[in-house]
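Have a look at the structure below, then the notes.
The values are calculated or read from the model by the stated rules, or taken from the named source; none is laboratory data. Owing to the predicted nature of the structure, the values given are computational and were not obtained by experimental measurement. No Cβ is skipped: glycine too gets one built from the backbone with ideal geometry, and neighbour counts run over all protein chains shown. Quick note on the areas: whole protein, heavy atoms, side chains included, nothing else; ligands and nucleic acids left out. Shrake-Rupley method; radii C 1.70, N 1.55, O 1.52, S 1.80 Å.
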Amino acid sequence: MSTHAQELKTTAQALVAKGKGILAIDESNGTCNQRFANLSIPTTEENRRSYRKLILTTPQLSTYISGPILFDETIRQTTRNGKPFVQVITEAGMIPGIKVDTGAKDLAAHPREKVTEGLDGLRDRIAEYYRMGARFAKWRAVITIGEGIPSQACIDVNAHALARYAVLCQEGGLVPIVEPEVLIDGDHTLERCYQVSDRTLHTVFAQLYAQGVAFDQMILKPSMVIAGKDCPQQPSVDEVADATIRCLRKNPPATVAGVAFLSGGQSAEQSAAHLSSMNARYQSICPWPVTFSYARAIQQPALEHWRGEGQRVAEAQQRLLHRAKCNSAASLGDYSSEVERELALV
Ligand code: 5MM
């Protein structure tokens with residue numbers, strides 16, 4: 001058992017506290033720059049710092065967000081006055097998190113498939129992040145659906161790495177967020193996504209168990225069971241919620257501290273609607289809290305408004321807060337298009 005066991009349990013529970021979710025702002029520089037470039041925002045370190053400061057200093061954010069996940073560059077950055085972002089986060093009543101994987105790379109001998117790297121030196125990096133104030137971590141594995149894929153080899157190596165990462169995190173005092181993402185890209189059906197998600201989660205939890213991960217000291221960050229974005233038969237909101245909960249109830253043990261979904265390229269409204277339907281209809285039969293750990297579905301409206309201009313910060317923060325409120329409502333099963341509009345007026 002980790003010497004941090006009690007701290008890990010307390011942190012894990014706080015991350016999925018009622019009405020709260022996690023905010024992923026851990027885009028690597030490449031991904032962040034791409035999102036900036038799409039909006040003609042100059043891709044400089046100073047702009048990445050300003051944008052992350054805009055997010056982290058949003059008034060009332062901690063009412064809805066338990067903790068933000070940072071990228072390595074961000075955890076080392078400060079406000080203009082020199083206050084470390086970790087301090088900004090803790091003073092606002094949130095828990096600092098850190099992405100510790102180093103990205104999904106091509107998997108040898110398996111065309112079109114990826115394996116996430118970052119295990120080399122991880123014990124030392126975790127110790128450094130803990131000293132800097134981080135209390136949870138994230139590692140994302142990517143599973144692609146296509147003709148003949150995913151291979152079992154791809155699922156196995158990613159599950160093995162997720163478990164190695166998770167047990168190292170617990171040893172070092174960071175709550176691991178275990179993120180096996182089944183991508184939304186492609187024209188696969190809901191049923192095919194269900195089969196792949198089920199096989200992936202089954203393999204991941206077998207590895208977590210085999211390697212001694214404490215389930216009550218971790219959070220699962222899965223993708224929803226959804227049709228591929230190019231599938232001609234798009235399921236209804238309730239069909240996505242039904243399939244996702246059916247798949248989830250088969251897999252994570254009841255002792256897992258919480259389930260916090262990624263948005264995976266769904267629109268802001270869609271991801272809130274799916275989460276809300278799950279909670280409204282199934283909260284009473286789920287053994288763990290079901291909430292969000294979104295990046296794009298919370299940030300995108302704020303980023304699109306900000307566009308790198310200082311005078312737009314306050315309005316961009318309002319847009320960020322609006323999405324945080326909507327997803328908080330969704331985590332309670334209370335989101336609807338009317339609530340979406342009402343919360344915009346508050
Ligand atoms: C799936 O991506 C994670 C959740 O974001 P969405 O809710 O937008 O799907 C996200 O945390 C992702 O892992 C980070 O943005 C890091 O991305 P890269 O690819 O730069 O490591």
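Would you kindly derive the ³J(HN,Hα) couplings of the stretch 16-32 from the backbone phi angles with the Karplus curve 6.51 cos²θ - 1.76 cosθ + 1.60 (θ = phi - 60°), listing them in order in whole Hz, with x for Gly and Pro?
Couplings: 10, 4, 3, x, 10, x, 9, 10, 8, 10, 9, 4, 5, 4, x, 5, 4 Hz.
Which one of Ala137, Ala297, Ala280 has the biggest mean-square fluctuation once the chain is modelled by GNM with Cα springs under 10 Å?
Ala280
Between Ile126, Ile149, Ile219, which gets the highest mean-square fluctuation from a Gaussian network model of the chain, Cα cutoff 10 Å?
For the chain, modelled as a Gaussian network with Cα springs under 10 Å, the answer is Ile149.
Among rounded, prolate and oblate, which fits the stretch 234-294 when a ≥ b ≥ c are the square roots of the eigenvalues of its C-alpha gyration tensor, a/c under 1.5 means rounded, and a/b larger than b/c means prolate? Let's see the in-between values first.
On the way: a/c = 1.90, a/b = 1.45, b/c = 1.31.
The shape class here is prolate.
Quick check: the distance between the Cα centres of the stretch 128-197 and the stretch 219-234, to the nearest angstrom?
Result: 15 Å between the Cα centres.
Placing unit charges on C-beta atoms (Lys and Arg positive, Asp and Glu negative, everything else neutral), compute the dipole magnitude of the stretch 121-226 about its Cα centre in debye, rounded to 20.
With Lys and Arg at +1 and Asp and Glu at -1, about 440 debye.
Order Ser284, Ser271 by their accessible area, 1.4 angstrom probe, all chains in place, largest first.
Reading off the accessible areas and sorting them downward yields Ser284, Ser271.
Obtain the nm distance between the two label points defined at Ala206 and Glu7 by a simple spin-label model: each point lies 7 Å from its Cα along the Cα-to-C-beta direction.
3.5 nm
Using a simple charge model, +1 on the beta-carbon of Lys and Arg, -1 on the beta-carbon of Asp and Glu, nothing else, what dipole does the stretch 5-343 show about its Cα centre, in debye to the nearest 20?
The calculation lands at about 780 debye.
Rounded to the nearest whole Å³, what is the per residue volume of the convex hull around the Cα atoms of the stretch 91-135?
Per residue, the Cα convex hull of the stretch 91-135 comes to 75 Å³.
Using only the heavy atoms of the protein chains and a 1.4 Å probe, how would Arg112, Arg135 rank by accessible area, largest first? Intermediate values should be presented prior to the final figure.
On the way: Arg112 145, Arg135 60 Å².
My answer, sorted largest first, is Arg112, Arg135.
Considering amide H positions built from the backbone, and no H for Pro or chain starts, which residues 5 or more places from Gly67, or on another chain, come under 5 Å of its amide H?
Those lying under 5 Å, H to H, from Gly67 are Leu23, Ile95.
Using only DSSP helix segments of four residues or longer, with each worth -39500 (n - 2.57), what per-residue ellipticity at 222 nm results for the chain after dividing by its residue count and rounding to 500?
Calculated at 222 nm, the ellipticity per residue is -15000 deg cm²/dmol.
If amide hydrogens are placed 1.01 Å from N in the peptide plane, which non-local residues have theirs closer than 5 Å to the one on Val142?
Thr116, Glu181
Please compute the alpha carbon radius of gyration of the chain, then divide it by the globular-protein estimate 2.2 N^0.38 Å. Two decimals is fine.
Its radius of gyration relative to the 2.2 N^0.38 Å reference: 0.93.
Could you list, in their original order, any pairs among Lys9/Lys221; Lys9/Lys114; Lys20/Lys105; Lys53/Lys325 whose Cα atoms are separated by more than 28 Å?
Lys9/Lys114; Lys20/Lys105
Of the candidates Leu15, Leu220, Leu122, which one comes out as most mobile in a Gaussian network treatment of the chain with C-alpha springs shorter than 10 Å?
Taking springs between Cα atoms under 10 Å, the residue moving most is Leu122.
At a probe radius of 1.4 Å, what is the per-residue accessible area of Arg296, in Å² to the nearest 10?
Arg296 has an accessible surface of roughly 90 Å² with all protein chains in place.
Write down the accessible area per residue of the stretch 5-343 in Å², having rolled a 1.4 Å probe over the full set of protein chains.
Values: 13350 Å² over 339 residues.
Value for the stretch 5-343: 39 Å² per residue.
If exposed means no more than 16 neighbouring beta carbons inside 10 Å and the site is in a DSSP loop, what's the longest run of the chain without any exposed GluC sites (Glu not before Pro)?
That gives 148-308 as the longest site-free run.
When the expected Rg is taken as 2.2 N^0.38 Å, what fraction or multiple of it is the alpha-carbon Rg of the stretch 20-165?
Rounded to two decimals, the normalised Rg is 1.16.
What is the magnitude of the charge dipole of the stretch 84-124 about its Cα centre, with +1 placed on the Cβ of each Lys and Arg, -1 on the Cβ of each Asp and Glu, and no other charges, expressed in debye to the nearest 20?
120 debye
I need the Kirkwood Rh of the stretch 1-75: take the reciprocal of the average 1/r across all distinct C-alpha pairs and report it in angstrom.
14.2 Å
The stretch 273-346 to the stretch 37-89: how many Å between their Cα centroids?
So the separation of the two Cα centres works out to 19 Å.
Keeping the other protein chains in place, figure out the carbon and sulfur percent of the accessible area of the chain, with a 1.4 Å probe.
C and S atoms contribute 50 percent here.
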